[in-house]
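Each remark here refers to the structure printed beneath this line.
The values are calculated or read from the model by the stated rules, or taken from the named source; none is laboratory data. From a predicted model like this one, the values you see are computed outputs, not experimental measurements. Reconstructed Cβ throughout: ideal geometry from the backbone, glycine too, with neighbour counts over all protein chains shown.
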Amino acid sequence: MKKRLIALLLVLALLIPAAVASAATWYRVNTTSLRVRFLPDTSAKEIGSYRKDYACTIDKNYKDGWSYVTFSNGTQGYVQTKYITKASSYKAWIYKDDTSLRKGPDGSFQAIASLAQGTKVTVLSHGSKYDYVSAGDLGQGYVVNSLLSKKKIAPSGNESTGTASGGNYEAWVFNAADRKVNLRKNPNTNAAVIAQYPSGTQVHVVSHGETWDKVQVGGNEGWMMNRFLSTAVPAPTPDTGVAPTPESDTSYTAYAVTDNKKGVNVRKGAGSGYTKLFSVPYGAPVLVLKHDTTWDYIQYNGRKGYMMNKYLQLSKPADAANIETQDPSVVTPTPKPFEQYTTTVKVDQLNFHKQKGDWSSNVDGVGRLNSGDSVKVLEISGGWAKVEYNGYTGWVHKEFLN
């Protein structure tokens with residue numbers, strides 16, 4: 001009896017973490033149009049914009065009010081955290097027949113399924129008008145929340161149907177980053193991984209959607225993001241034993257930054273487990289040859305490697321030394337005096353710090369600024385602005401200035 005109890009406890013210990021890990025925390029866009037950027041900087045290139053009620057998960061939070069997120073359609077990028085809100089999740093039932101499950105939170109988005117009355121769904125993100133829900137094998141999508149009920153609804157007898165287009169053809173796995181591609185249980189990035197397949201693996205596409213395809217690989221059936229599928233047989237890639245060196249049509253200059261102002265490691269491959277090749281000093285300009293979700297392929301003084309892009313920003317830090325490089329493609333800008341300007345505060349009760357940093361105490365005699373207060377901007381450093389107000393000088397978060 002004792003041995004059976006121990007065995008049962010071991011099984012539970014293995015199952016519980018997996019169940020917890022699969023439960024993602026969803027957020028929703030709380031503004032009319034949320035801009036998504038390549039880097040955590042308002043001057044960074046814009047990937048796109050997402051309307052209110054679009055659902056996303058936070059991959060990582062950063063200082064100065066930025067988060068790296070993944071949207072329900074698979075798009076990843078940096079957003080200002082204040083424009084997304086943690087969403088509530090619960091079970092619900094479809095209120096009437098022919099309820100559309102759509103790809104986005106608006107009637108203009110394509111319907112991926114028609115849900116019948118009484119269909120049970122899981123609300124992953126409750127929005128102001130649209131909820132992002134999981135409808136089991138029919139996938140995940142958006143439903144007008146007035147057509148959902150928290151109370152169980154009797155089925156009408158009709159069946160829910162999917163509307164995925166195309167299918168019944170052969171394709172091959174292809175990932176330019178030379179990484180294995182996940183086959184998942186459901187069409188979303190938080191679903192359980194059934195298996196992983198390398199480039200060149202042949203699959204049978206059962207149904208084709210905008211972002212996800214239902215595929216069969218040997219004895220496995222599941223969902224794979226179709227950006228990793230090709231109808232052309234990929235050419236074999238020789239195993240050289242070294243990480244790939246991607247090429248890019250466009251490149252740009254960025255600057256190495258860290259909180260402790262120490263150098264940033266550059267590695268042989270896109271991962272912390274790869275060998276360190278060299279280090280880039282704080283504030284030094286690098287040439288970004290290929291931008292990706294977490295790791296960028298960069299060049300510094302003729303040497304190339306991978307750097308985590310959370311340590312890169314588009315503007316040179318104000319306190320960094322003027323470092324010259326040997327890279328002909330990287331042009332170190334000639335330092336120019338900061339052009340001071342006058343603007344106004346756009347929020348109430350804005351802390352007016354003696355030093356930049358949330359741990360700093362407020363300026364004596366001022367404390368906090370209010371919406372409409374006029375300030376003179378003396379300097380910009382990262383997410384902070386050094387300002388002058390009524391003869392006092394201090395630091396505020398620049399995002400709260402007009």
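Scanning the stretch 21-78 for residues that are free of Cβ contacts under 8 Å to residues at least 24 places away in the same chain and of a type in the set (S, T, N, Q) turns up THR32, SER33, SER49, ASN61, SER67. One residue stands out in the stretch 316-366 among those that are of a type in the set (Gly, Ala, Ser) and modelled with pLDDT under 75: the one that is farthest from LYS63 (Cα to Cα), namely SER329. Counting the residues of the stretch 180-225 that are free of Cβ contacts under 8 Å to residues at least 40 places away in the same chain and not small (Gly, Ala, Ser) gives 17.
Within the stretch 20-34, the set of residues being assigned to a strand (DSSP E or B) and surrounded by fewer than 20 Cβ atoms within 10 Å (Cβ to Cβ) comprises just one member, SER33. Checking each residue in the stretch 262-291 for being touching an Asp or Glu at 6+ places or on another chain (Cβ under 8 Å) and part of a loop (DSSP other than H, G, I, E, B) picks out ALA270, GLY283. Across the stretch 260-282, the qualifying residues are those that are aliphatic (A, V, I, L, M) and either within 15 Å of TYR300 (Cα to Cα) or in contact with a helix residue (DSSP H, G or I) (Cβ under 9 Å, 6 or more places away or on another chain) (or both), and the one among them that is surrounded by the fewest Cβ atoms within 10 Å (Cβ to Cβ) is LEU277. When the stretch 145-155 is filtered for residues that are surrounded by 14 or more Cβ atoms within 10 Å (Cβ to Cβ) and not in a strand (DSSP E or B), the ones remaining, listed by number, are ASN145, LEU147, ILE153, PRO155. Note on the stretch 35-81: among residues that are of a type in the set (Lys, Arg) and either part of a loop (DSSP other than H, G, I, E, B) or at pLDDT 95 or above (or both), the one that is farthest from PRO105 (Cα to Cα) is LYS45. On inspection, SER108 passes the criterion of being of a type outside the set (D, E, K, R) and free of Cβ contacts under 8 Å to residues at least 12 places away in the same chain. The set of residues from the stretch 111-134 being touching a residue at least 60 places away in the same chain (Cβ under 8 Å) and either at positive phi or of a type in the set (Ser, Thr, Tyr) (or both) comprises SER125, SER128, TYR130, TYR132. Looking only at the stretch 65-92, filter to residues that are within 22 Å of VAL144 (Cα to Cα) and among the aromatic types (Phe, Trp, Tyr); which one of those is surrounded by the most Cβ atoms within 10 Å (Cβ to Cβ)? Going through the qualifying residues, I end up with PHE71. Of all the listed residues (TYR142, TYR95), the sole one being over 17 Å from the mean Cα position of the chain (by Cα), among the aromatic types (Phe, Trp, Tyr) and surrounded by fewer than 21 Cβ atoms within 10 Å (Cβ to Cβ) is TYR95. TYR62 meets all of the listed conditions (1) crowded, with 22+ Cβ neighbours inside 10 Å; (2) not assigned by TED's automatic domain parsing to the domain that holds GLY127 but one, namely (1). Regarding ALA235, is this residue at pLDDT below 80, within 30 Å of TYR300 (Cβ to Cβ) and among the aliphatic types (A, V, I, L, M)? For ALA235, the condition - at pLDDT below 80, within 30 Å of TYR300 (Cβ to Cβ) and among the aliphatic types (A, V, I, L, M) - is not met. From the set of residues in the stretch 158-175 that are among the small types (Gly, Ala, Ser) and either surrounded by 14 or more Cβ atoms within 10 Å (Cβ to Cβ) or assigned to a strand (DSSP E or B) (or both), which is modelled with the lowest pLDDT? The qualifying residue modelled with the lowest pLDDT is ALA164. Scanning the stretch 103-129 for residues that are of a type in the set (Ser, Thr, Tyr) and either outside the structural domain of VAL143 (by TED's automatic domain parsing) or part of a loop (DSSP other than H, G, I, E, B) (or both) yields SER108, THR119, SER128. The condition of being of a type in the set (Phe, Trp, Tyr), farther than 19 Å from GLY383 by Cβ and out of contact with any Pro (no Cβ under 9 Å at 6 or more places or on another chain) holds for only one of TYR54, TYR27, that being TYR27.
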